[in-house]
Amino acid sequence: MNQISQINKKLDSFIKRYYLSALIKGVLLYIGFVLLYVLFWIFIEHFFWLPQSARGLVFWAIIVFSSFLFYKLILLPSLKYLSILKGINYEAAAKIIGEAFPEIDDSLLNTLQLNKMEKTDLLLASINQRTNALKFFSFETIIKLKENTKYIKYALAPLLITAPFYLFGKQGVIEDSLKRVVDYNTLYQPPPPFTFKLINDSLTAVEGSEFTLKVDIAGDVYPENIQIRYNNEQYYLTKNNINNFSYDFPPFDSSVDFELFSGPVRSAPYRLEVIKTPSILTARMSLNYPKYTKKENITFSNLGNISVPSGTKIVWDLTARDTRAISFFDFNKEALFYKKNSSFSYNKTVFSSLRYRVSPSNNNLKDYEPLEFAIEVVKDAPPSIQVEVKEQSLPQEVLYFYGQANDDYGVTALVLKYYKVGERDSEKIQDVTNFNNKNLTFYHAFPGALNLTKGKAYELYFEVSDNNPYPYPNKTRSRIFTYSNKGANEVVNNQLTKQKEVVSELERSFLKLNEEENTLSLLKLNQKQNDKLTFSDQQKIREMLQRQEEQEDLLKRFNEQTKKSFNLLESNPQDPLQKEIERRLQSQEKEILKDKKLIKELKDLTNKLNKEELFDRLDEMKKKSKSKQRSLQQMLELTKRFYVRQKAGQIKRELEELSKAQQELSEASPRNNNTKSQDSLNKDFESISKALDSLSKQNSSLTKPSPFPNTEAEQASIKKDQEKSSQTLSERDNSTRKTLKEELLLKAKKSQSKAANKISQLSAKLSGMSSGGGQQELIEDSRMLRQILDNLLIFSFEQEDLILRFKQQKPQQAKYALNLIKQKTIRTHFEHIDDSLFVLSLRQPRISEKINKEISNVFFSIDKSLDLFSNTRTSEGVAAQQYSLTAANNLAELLSKVLSSMEMELSPGQGEGDMQLPDIIMSQEELQKTAEELQEKESESSSGDKESSQDGEKGSKSKGSGSKSGKGKKNNSSGPGKSKPFGQEFFDSEESGEAIMRLYQEQQRLRQALQYLLRDKGLVPGAENVLQKMKKIEQSLINQGITEDNLVQIKNLKYELLKLNNALNEKGRQEQRESRTNKKLYNANTRATIDSLRQKFNSREQLNRQTLPLYDEYVKRVFDYFNQQYDKL
């Protein structure tokens, strides 16, 4: 039975393998047949475009056919393989096996049939026998699965059919046809020759905006035109090229449906969606101006570019629809408007120019159609200020200012700030009270009532502030002005320096005068050979006249500077030198006017080519030029002499001030008496010493120098005392011992006091320089003038005799030539007279222009007569000689008057003295001071001041050498037969014996001078008593030296001399020369000065810039105009 079971198992395995082979075969066949069936109908659909019903029938036919094949070929073998359905039985399987194995044939089938019979032993034996024979056979080997590979061709056939379509990109033939078959419910049309393809990214349009529809044509055929239909209207599309069309939809408020068509070809329906836009309906912009502009707030009903002042608050109020938010973006940061319903608002205060953008947004559109505008912020321009200044030097330096301030919105403050030069940190402020707030003009005088430091220069400027509060008012400064704050001495020194420069310039111009004369002589010589003026001659004459005009301008400037000098310097109305200079200045001004008129006439004649009259006028100018040249040389010499005298007086005053300052320093407190202060005084004296040396050289350059004292020894001694003071004060500063400090301070004060006294004595020594020349000089000049008169008389007699000869002789006679030579010789003699007279005129101002004029007339007439005699024009020559004789007689008369005037000033015996009573009183005062100082020094010497004694001995030696050297100097004030004024001597306090002797000599000299004076003026009551007292003082000085009694007698003598002076005044015989400082008060007319500045200011076409009611744009243009500085001062 077990063997039967094994046979059954083998049969089961065979049956399963049998159905597995059938399943494989069925799958391959199913794939092949179904795909071929589908491809068949796909091709039918592709070529014939079956209707919906046919496609539905095909679709269901394919479903039925596929299902049937699936059931038969796949489902049934699968179910039988899985034994779900009953397959073939064992007998059928045995038959198949028997057919496959001939050895088995029916044996297996018979065994199975026997097994069904009733079992017997024989049957069982037979069955066993048969099973034993079958057990060696494998029934599964009968089914060969590989034999199913022959059915693969059926499965690959459809794939091979479709492969070319996919390889060449024609898969649409299969896929589209299959799609239509599957989607048999949809109506499909056969493909047209072309199709519409929309190339827009989306069919979405913005409300109120146009939308451009872009269409491409795909296909083998391209239509000529395409139409679009919407809103029951149809329009043609624009053809861009053969296969591209476009259409511009107008703005829509809502969505719209449309379709495209061309002939029978139509597109699918489309829909254009319209998006609502955020829109600003109304806009309002309010401008809230800052208070400082004083402008009213305004509101605009729209948005736009605006120009506003800095600090303006701007408020935007907007209404909008379909808007979720509105943003404000200034290209730096973004902010949102405040929203309330459909209203939006935003505000901003602007301080600088900006561009901004207002952008509405909603859910679909962000920052839609932004609006960009600009806000130009007009910065509050800094105020401007323009100032005119006029300087007044007399009687004190004052700066007068007139100006105008300007600002776009107003000025709040105007101040004047001043400070010492180099000390900007110590700046001070002065209010400008004379300020007109309406037209913003002002005037101011500096320093006014300010208490400024003497001699310190100041810098000052005006500062104007506007009313802008952001962040603080703008301020503008004017240019810096300098206030020299010169002291009286500095003003005088500056004026003297200017005078010296003009004099030097005038001296250089003398060289050109001779050139002009030579040019004129050459022109005149050329014209004798030519009939008319050439262009070159005209040009030379014009150039000569131009130089002559420059010469006249220089003279005018010289006159102005000289007048200023008289106003500033010490004046002495009785000084003949000053009186003569003033007179000549007036005369010179008149001559300048005449000369300018003559030059103008000559220019006209040159242009008119009037040769004869032109050269007559040129001869007249040449004649005047010689006289003027001589007068100018005299004027220069007199001015230089006056300058030397006034400079000496100025140095004298500076020495007096320095002496006072040195004495005050010696008496100052220890805190103020320091090295710095002493060094400053040392520098001042060094400057004065250089001025003295320069003045000495200038005095030496005069034709006849004035008496000038030798002060080298005095200067050296003063410098020594000052340096010793500085050194002692420096040692005191470095010392730490209190007692030593006090000793050093006391020692320094003694040196300072000595220096102060010596400076005072040096000042007294220069006192004689400011007076005029002495009697001795006057005597010498009168003798010289008398000799000149004698020579002039000889000239007149010779000239008169020669005139008679020419009248008696004819040109053909032999003696005619000898007479010409004689005339030439006489002219040479007159040249000698002229030279002597010229030298004298440089010392004596009495030799005036009239004398020079007559001298020029003599030369001119003689030269003319020689020219006429040379041309045998005898009668005319004799007439010219008579003119020369008349001029010589006039000259002799003028000189005689001058000589008489000089002799009247001289008195018998005055060759020995030239002092007047005021001079004697002044010298007596200085003698008294010297005696007091000598007594004080002797007291110090007796107290044991050894160091001071040594210094005195050194000073004595220095003084002695100085005195000896001074005697040999030409400029020494002492002349033959007279002693030096004591005020011009220098002594040192330790030279007691020599000093007392000099006191005696000085007192004796003063007594002798008084005797000479009284001899001239006549005795008055008390005169003999004064002379006796002076003799008594002389005896006391020799016998007792300096005592208290002698000092009392000297003091009393001063009062006696004053009484004597009063007595002489009462008698009416006083001839003193009173030297006084200029006391003319020049009351500065401030209003007149300011008015002149205002007139000058207005002449610049300065606008009165008040705020005008203009729009901002025009206001800006006005400022731009002024910023170009068309109206600069």
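The values are calculated or read from the model by the stated rules, or taken from the named source; none is laboratory data. Worth saying up front: this structure is predicted, and the values here are computed from it rather than measured. Note that each Cβ is placed from the backbone with ideal geometry, even for glycine, and that neighbours are counted across all protein chains shown.
Does residue 667 satisfy the criteria of being over 45 Å from the mean Cα position of the chain (by Cα), surrounded by fewer than 20 Cβ atoms within 10 Å (Cβ to Cβ) and either modelled with pLDDT of 85 or more or not assigned by TED's automatic domain parsing to the domain that holds residue 759 (or both)?
Yes: the conditions hold for residue 667.
For the list (1) part of a loop (DSSP other than H, G, I, E, B); (2) outside the structural domain of residue 335 (by TED's automatic domain parsing); (3) without any contact (Cβ under 8 Å) to a residue 40 or more places away in the chain, I need the number of the one condition that residue 425 fails.
Unmet for residue 425, out of (1) part of a loop (DSSP other than H, G, I, E, B); (2) outside the structural domain of residue 335 (by TED's automatic domain parsing); (3) without any contact (Cβ under 8 Å) to a residue 40 or more places away in the chain: (1).
Looking only at residues in region 686-715 that are at pLDDT 80 or above and outside the structural domain of residue 766 (by TED's automatic domain parsing), which one is nearest to residue 761 (Cα to Cα)?
It comes out as 714.
Looking only at region 413-447, which residues are of a type in the set (Gly, Ala, Ser) and surrounded by 13 or more Cβ atoms within 10 Å (Cβ to Cβ)?
413, 445
Among the residues of region 54-79, count how many are of a type in the set (Gly, Ala, Ser) and without any contact (Cβ under 8 Å) to a residue 12 or more places away in the chain.
2
For (1) more than 30 Å from residue 259 (Cβ to Cβ); (2) modelled with pLDDT of 85 or more; (3) surrounded by 14 or more Cβ atoms within 10 Å (Cβ to Cβ); (4) within 60 Å of the chain's Cα centre (by Cα), each residue gets a yes or a no:
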position	(1), (2), (3), (4)
150	yes, yes, no, no
159	yes, yes, no, no
167	yes, yes, no, no
177	no, yes, yes, no
182	no, yes, no, no
188	no, no, yes, no
191	no, no, no, no
196	no, yes, yes, no
201	no, yes, no, no
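Kindly indicate which of 251, 223 is more than 30 Å from residue 316 (Cβ to Cβ) and either in a loop (DSSP other than H, G, I, E, B) or not hydroxyl-bearing (Ser, Thr, Tyr) (or both).
223
Select from region 370-391 the residues that are closer than 28 Å to residue 483 by Cα and out of contact with any helix residue (DSSP H, G or I) (no Cβ under 7 Å at 6 or more places or on another chain) and write down the one among them that is surrounded by the most Cβ atoms within 10 Å (Cβ to Cβ).
Top of the filtered list is 383.
Within the set of pairs 6 or more residues apart or between chains, which connect a residue that is farther than 13 Å from residue 37 by Cα inside region 142-162 to a residue that is modelled with pLDDT under 85 and surrounded by fewer than 16 Cβ atoms within 10 Å (Cβ to Cβ) with Cβ atoms less than 6 Å apart?
Between residues of region 142-162 that are farther than 13 Å from residue 37 by Cα and residues that are modelled with pLDDT under 85 and surrounded by fewer than 16 Cβ atoms within 10 Å (Cβ to Cβ), the close pairs are 142/100.
Answer with yes or no whether residue 240 is touching an Asp or Glu at 6+ places or on another chain (Cβ under 6 Å), farther than 17 Å from residue 203 by Cβ and in the same structural domain as residue 199 (by TED's automatic domain parsing).
In short, no.
Scanning for something at positive phi and modelled with pLDDT under 75, does region 484-507 turn up at least one residue?
yes
Within the set of pairs 6 or more residues apart or between chains, which connect a residue that is modelled with pLDDT under 80 and surrounded by fewer than 22 Cβ atoms within 10 Å (Cβ to Cβ) inside region 904-932 to a residue that is part of a helix (DSSP H, G or I) and of a type in the set (Val, Ile, Thr) with Cβ atoms less than 6 Å apart?
Filtered contacts from region 904-932: 911/779.
Just one of the numbered conditions (1) buried (at least 18 other Cβ atoms within 10 Å of the Cβ); (2) not in a strand (DSSP E or B) is not true of residue 213; which one?
(2)
Got a number for residues in region 622-664 being modelled with pLDDT of 75 or more and over 22 Å from residue 711 (Cβ atoms)?
Total meeting the criteria: 1.
Collect the residues in region 174-205 that are over 15 Å from residue 268 (Cα atoms) and of a type in the set (D, E, K, R), keeping them in residue-number order.
175, 176, 179, 180, 183, 201
Can you tell me which residue in region 222-262 is nearest to residue 197 (Cα to Cα), limited to those that are exposed (fewer than 15 other Cβ atoms within 10 Å of the Cβ) and aromatic (Phe, Trp, Tyr)?
236
When you check residue 41 against the structure, is it in contact (Cβ under 8 Å) with a residue 24 or more places away in the chain, surrounded by 20 or more Cβ atoms within 10 Å (Cβ to Cβ) and in the same structural domain as residue 173 (by TED's automatic domain parsing), yes or no?
yes
Being touching a Ser or Thr at 6+ places or on another chain (Cβ under 9 Å), free of Cβ contacts under 8 Å to residues at least 60 places away in the same chain, over 30 Å from residue 471 (Cβ atoms) and of a type outside the set (D, E, K, R) narrows it down to one of 246, 267, 286, so name that one.
Result of the check over 246, 267, 286: 246.
As an exercise: evaluate residue 163 against (1) surrounded by 15 or more Cβ atoms within 10 Å (Cβ to Cβ); (2) among the small types (Gly, Ala, Ser); (3) at pLDDT 85 or above and give the number of the one condition it does not meet.
Looking at each condition in turn, residue 163 falls short on (1).
Taking region 289-318 as the search range and keeping residues that are in contact (Cβ under 8 Å) with a residue 60 or more places away in the chain and hydrophobic (A, V, I, L, M, F, W, C), which one is surrounded by the most Cβ atoms within 10 Å (Cβ to Cβ)?
308
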